[in-house]
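As structure tokens, the structure follows; a few thoughts come after it.
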């Protein structure tokens, strides 16, 4: 009674070994070209082809240039940064950058305020890197936000920090007057002009 089972196991093992050996031959001995060989597939009969125009190699410094060079601070850059911040950052960080966005109001962890002393003291590069790689529970935005927009967001965060920490005596007189409450304005003289 044991003999049919043992024979079946031997046949099964032998067929599996044959399949594995056949698979090994096909996988290990694939037809391929040597890098400096000839190939009738290409018009110049060379296997090693030049990269297409505009291609940037992974380790090429040109690929890293947008990551290394911060663009000059302009009104256009700040406007772009505000637009991108409102889209990607404000749901968690809030429009003022205080960490009180819509997402934390629904029970998710509240991100730190951009107006804290710690975040004010960090370089703009840190903001760029956090957008790129994520930090804590924040996931990376590198796939969603291009490097130029990350720099624009970092510039806008700096503008938010300045706006929240600016003193009224640092403003031009016309802006200070605009901040003055209406109750402090001098009343017009009774009886009209005259």
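The values are calculated or read from the model by the stated rules, or taken from the named source; none is laboratory data. Not measured: the values here are computed from a predicted model. Every residue, glycine among them, receives a Cβ derived from its backbone with ideal geometry; neighbour counts consider all protein chains shown.
Structure summary
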item	result
Of residues in the range 110-123 being in contact (Cβ under 8 Å) with a residue 24 or more places away in the chain and more than 20 Å from the chain's Cα centre (by Cα), the one farthest from residue 82 (Cα to Cα)	120
Selected residue (only one of 73, 78 is in contact with a helix residue (DSSP H, G or I) (Cβ under 9 Å, 6 or more places away or on another chain) and assigned to a loop (DSSP other than H, G, I, E, B))	73
Candidates 188, 178, 193, 148, filtered to the one that is modelled with pLDDT under 95, in a helix (DSSP H, G or I) and either in contact with a strand residue (DSSP E or B) (Cβ under 8 Å, 6 or more places away or on another chain) or farther than 26 Å from residue 72 by Cβ (or both)	178
The range 62-94: number of residues that are over 19 Å from the mean Cα position of the chain (by Cα) and either surrounded by 14 or more Cβ atoms within 10 Å (Cβ to Cβ) or in contact (Cβ under 8 Å) with a residue 12 or more places away in the chain (or both)	1
Failed item, numbered, when residue 58 is tested on (1) free of Cβ contacts under 8 Å to residues at least 40 places away in the same chain; (2) on the phi < 0 side of the Ramachandran plot; (3) more than 19 Å from the chain's Cα centre (by Cα); (4) not in a helix (DSSP H, G or I)	(3)
Qualifying residue in the range 97-106 (condition: out of contact with any strand residue (DSSP E or B) (no Cβ under 6 Å at 6 or more places or on another chain), surrounded by 11 or more Cβ atoms within 10 Å (Cβ to Cβ), closer than 21 Å to residue 151 by Cβ and at pLDDT 85 or above)	yes
Every pair of residues 6+ apart whose Cβ atoms lie under 7 Å, when the first sits in the range 162-177 and is over 14 Å from residue 114 (Cα atoms) while the second is loosely packed, with under 11 Cβ neighbours inside 10 Å and at pLDDT below 80	168/179; 176/168
Test: residue in the range 109-119 that is touching a strand residue (DSSP E or B) at 6+ places or on another chain (Cβ under 8 Å) and in a loop (DSSP other than H, G, I, E, B)	yes
